[in-house]
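Trainee: Have a look at this one.
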Amino acid sequence: MHPNQPSSPATTRPEPNRRFSVAPMMDWTDRHYRYFARLITRHALLYTEMVTTGAIIHGDRSRFLGFNPEEHPLALQLGGSNADELGQCAALAEQAGFAEVNLNVGCPSDRVQNNLIGACLMGHPQLVADGVKAMRDACQIPVTVKHRIGINGRDSYAELCDFVGQVHEAGCTTFAVHARIAILEGLSPKENRDVPPLKYDVVHQLKRDFPQLEILLNGGLTDLEVMQQHLQDLDGVMVGREAYHNPYMMAEVDHRFYADDTPPLSRLEIMARMRPYIARHIEQGGVMNHVTRHILGLFQGLPGARHFRRQLSSAIHKTDQPLALYDQLLDDMTLRQQPRDCERQPA
Ligand SMILES: Cc1cc2nc3c(=O)[nH]c(=O)nc-3n(C[C@H](O)[C@H](O)[C@H](O)COP(=O)(O)O)c2cc1C
């Protein structure tokens, strides 16, 4: 049973299944990546890039809230801390058809700290709670929070429990926890994803102390077996970089995490299915590379992976016939994936 269902007022909100999700990643999990990822897994919950409340309220809404229906189930991640604005954006997220709206309390960049967005909010649990309450009051879709296990100066387990407790009281029952602290001064966002050590045991302890909450583990997960082990105690795993750099790892997600035994599409089938999507994008005035930059890792670990990556990352800029290059590449990869003669007839 879904951990939110028995006791919380969230019972009326249909919950997406979060056993496996792809983490929000700026510049990476845009609509093109999500369309591609959805060809690999039908069930994983996908997150948008973080969109600030200011961008939605004052900017081009169709750009920030638009998506292809095929991307579902899909969650919008918001960056912000003003409760009124968060409420407005949660209502807009619901209208736009998102399955969930998530608040970013994990991003450590200076740019966002200046606007009280992201991980610095871990030092302001009441502000996060107020924002979550405003979001819940404004919409009927689930409201979730993604956060770290702490920030420098506020990294004790008691402080983490205080944060989760206050945000839970405001009505949040799902927490995606990046299992390392963020260091708000002196480390770049990239370093903040690698340097502070991962502490999975803290996330497991959190689940033991808040068993009624849905706790998703994030940070450094690459191996599906290991993820399944975590899921013996936790409610979901959220995968970021591995799902981007080695996307075909998600081909096993539906079988392993959602008991769906429909055979996944092969890499070549995925390439072929991306072809009309890319053609449509070009017809609408788009640039092929904006789509294909997300698929560079499709053949990771297989013969021809380097050729594939090179064609799509450098040759693509030297041709005025990008679709012809794509078609040629599909032929090349088809040949390269065929077993060689010596492999067909083992000695
Ligand atoms: C390029 C990039 C952009 C990211 N942008 C966001 C973001 O917009 N919102 C967010 O909450 N986390 C963001 N993150 C952090 C990821 O969601 C995730 O927490 C982190 O990468 C750790 O998970 P992983 O080890 O599975 O990659 C970003 C990470 C990367 C690599």
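Trainee: So how long is each side of the chain along the principal axes, counting just the alpha-carbon atoms, biggest first, in Å?
Mentor: 63, 50, 43
Trainee: Sequence gap at least 6, Cα distance under 8 Å: using those rules, report the relative contact order of the chain to the nearest whole percent.
Mentor: On the way: 594 pairs, mean separation 56.3, N = 347.
The value is 16 percent.
Trainee: I want the local charge near Y35. Using Cβ-Cβ distances under 12 Å, sum +1 for each Lys or Arg and -1 for each Asp or Glu among the other residues. Can you show the working numbers first?
Mentor: Details: positive: R31, R34, R38, R273, R280; negative: D30, E70, E71.
The answer is +2.
Trainee: Tally up the carbon and sulfur contribution to the accessible surface of region 9-258 as a whole percent, 1.4 Å probe, everything protein left in place.
Mentor: Details: 4650 of 9530 Å².
Its accessible area is 49 percent carbon and sulfur atoms.
Trainee: While we're on this one: Quick one: length gained pulling H58 to H204 fully straight, 0.36 nm per residue minus the C-alpha distance?
Mentor: Working: separation 146, 0.36 × 146 = 52.56 nm, distance 3.99 nm.
Gain on stretching H58 to H204: 48.6 nm.
Trainee: Between 0 and 90 degrees, rounded to the nearest ten: what's the tilt of helix 83-96 against the longest Cα principal axis of the chain?
Mentor: 40
Trainee: Shifting gears a bit: Given a 1.4 Å probe, how much area per residue of the chain is accessible, in Å²? Display every interim value, and only then the final one.
Mentor: On the way: 15520 Å² over 347 residues.
On a per-residue basis, the chain sits at 45 Å².
Trainee: Suppose R0 equals 45 Å; then what is the FRET efficiency for L187 and E269 from their Cβ-Cβ distance, rounded to the nearest 0.05? Write out the running numbers ahead of the final one.
Mentor: Values: r = 41 Å, r/R0 = 0.92.
Efficiency computed from Cβ-Cβ geometry: 0.65.
Trainee: Take F67, F175 and sort them by solvent-accessible surface of the protein heavy atoms, 1.4 Å probe, largest at the top. Spell out each step's value before the answer.
Mentor: On the way: F67 35, F175 0 Å².
So the residues, ranked largest to smallest area, are F67, F175.
Trainee: Roughly what % of Cα-Cα distances in region 163-293 sit above 26 Å, to the whole percent? Kindly include the intermediate steps, with their values, before the conclusion.
Mentor: Values: 3624 of 8515 pairs.
In whole percent, the share of Cα-Cα pairs in region 163-293 beyond 26 Å is 43.
Trainee: Report the full-extension gain for the segment R336 to D110: residue separation times 0.36 nm, less the Cα-Cα distance, to one decimal in nm.
Mentor: Working: separation 226, 0.36 × 226 = 81.36 nm, distance 4.52 nm.
Result for the pair: 76.8 nm of gain on full extension.
Trainee: If you roll a 1.4 Å probe over region 267-339 with all protein chains in place, what percent of the accessible area is carbon or sulfur? Mind dumping the intermediate values first?
Mentor: Numbers: 1900 of 3910 Å².
Of the solvent-accessible surface of region 267-339, carbon and sulfur hold 49 percent.
Trainee: Can you give the extra length, in nm with one decimal, that the chain gains between Q212 and A305 once fully stretched, where that is 0.36 nm per residue apart less the Cα-Cα distance? Provide the component values of the computation, followed by the final result.
Mentor: Values: separation 93, 0.36 × 93 = 33.48 nm, distance 4.44 nm.
Additional length available on full extension: 29.0 nm.
Trainee: Follow-up question, since we're still on this one. Pull up the cross-link candidates among the aspartates and glutamates for K133, meaning alpha carbon to alpha carbon under 16 Å and not fewer than 8 places away within one chain.
Mentor: Hits, sequence-local ones excluded: D84, E85, E94, E100, E169.
Trainee: Additional query: Could you sort K318, K190, K133, K207 by accessible area so the largest value comes first, with the probe set to 1.4 Å? Kindly include the intermediate steps, with their values, before the conclusion.
Mentor: Numbers: K318 170, K190 135, K133 105, K207 25 Å².
So the residues, ranked largest to smallest area, are K318, K190, K133, K207.
Trainee: Starting from the 7 Å offset along Cα-to-Cβ, what nm value, one decimal, do you get for the label separation of H245 and M26?
Mentor: In this crude label model, H245 to M26 measures out at 2.0 nm.
Trainee: Summing -39500 (n - 2.57) over the DSSP H runs of n ≥ 4 in the chain and dividing by its residue number, what mean residue ellipticity at 222 nm do you reach, to the nearest 500 deg cm²/dmol? Mind showing how you got there, number by number?
Mentor: On the way: 16 runs with 145 residues, N = 347.
Using -39500 (n - 2.57) per qualifying helix, the result is -12000 deg cm²/dmol.
The values are calculated or read from the model by the stated rules, or taken from the named source; none is laboratory data. This one's a predicted model, so the numbers in the text were calculated from it and none came from an experiment. Please note: Cβ atoms are built from the backbone with ideal geometry, for glycine as well, and neighbour counts cover all protein chains shown. Heavy atoms of the whole protein, side chains included, go into the accessibility calculation; ligands, DNA and RNA do not. Shrake-Rupley method; radii C 1.70, N 1.55, O 1.52, S 1.80 Å.
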